[in-house]
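Visitor: Input: one structure, supplied below.
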Amino acid sequence: MAKTSTTTQGLRAAIERSGYYPALVAEAVEAAVGGEPMRSYLVHQETTFDQNEVRRHVTVLVLTDHRFIVSHTDEQAADDTSPTPYATTSTESVKLGRISSIVVSRVVANPEQYTPGTLPREIVLTIGWGAVSRIDLEPAACGDPNCEADHGYTGSSTADDLSLRVSEAGDGPETVRQALAFAQALSEATADTGR
């Protein structure tokens, strides 16, 4: 799908709807995308409570013909480095060929009555490209319960670059649909790079 004014307007409208510094977020995303055609996008706004403060965070995902772009914007209260509140925006551009995993976990109510096409109650979209990995280690052991030898450690490494939870109750059904559509478009695009 080529970058059309409809796709661009849809992304801008979604950024505006998030209500979270839309001019700042849009500028950062548009600079990262450049002139590349957009295939799909997802805007996810998240509010968290940190002790007695409310913090907002917005993530914008954009799929182009050659790249996966991730933008994060966080707001910060005034601190030792700044006498006024401030926001931090970062973008990362990942070549599609670097994406190693896309996991979509769906939560559905009453699975015995599930009808194909029914919207999940929530989804968790996890995307890995090798920038961040989580290592879980534990002491290794042998089968001998009386063994006192040091067997070193055993563990696993898991790609954990991005994980987004989108729910119908918290984000609305349209955001869940958009997240599923984005996940499918990204999955198809990464399959195309492997051919």
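Visitor: When you scan the range 1-92 for strands (runs of 3 or more DSSP E) that lie fully inside it, which ones turn up with 2 or more residues that are exposed (fewer than 11 other Cβ atoms within 10 Å of the Cβ)?
Guide: 38-50, 53-64
Visitor: Looking at the range 72-99, I want the residues that are in contact (Cβ under 8 Å) with a residue 60 or more places away in the chain and have a partner that is assigned to a loop (DSSP other than H, G, I, E, B) and hydrophobic (A, V, I, L, M, F, W, C) with Cβ atoms under 7 Å, at least 6 apart or on another chain. Which pairs are those?
Guide: If the second residue must be assigned to a loop (DSSP other than H, G, I, E, B) and hydrophobic (A, V, I, L, M, F, W, C), the pairs left are Ile99/Trp129.
Visitor: Out of all the residues in the range 127-144, is one or more farther than 13 Å from Asp161 by Cα and polar (S, T, N, Q)?
Guide: No, the range 127-144 contains no residue that is farther than 13 Å from Asp161 by Cα and polar (S, T, N, Q).
Since every read-out is calculated from the coordinates, none of them should be taken as a lab result. These numbers were taken from a predicted model, which means no experiment stands behind them. As a convention, Cβ positions derive from the backbone with ideal geometry for all residues, glycine included, and neighbour counts pool all protein chains shown.
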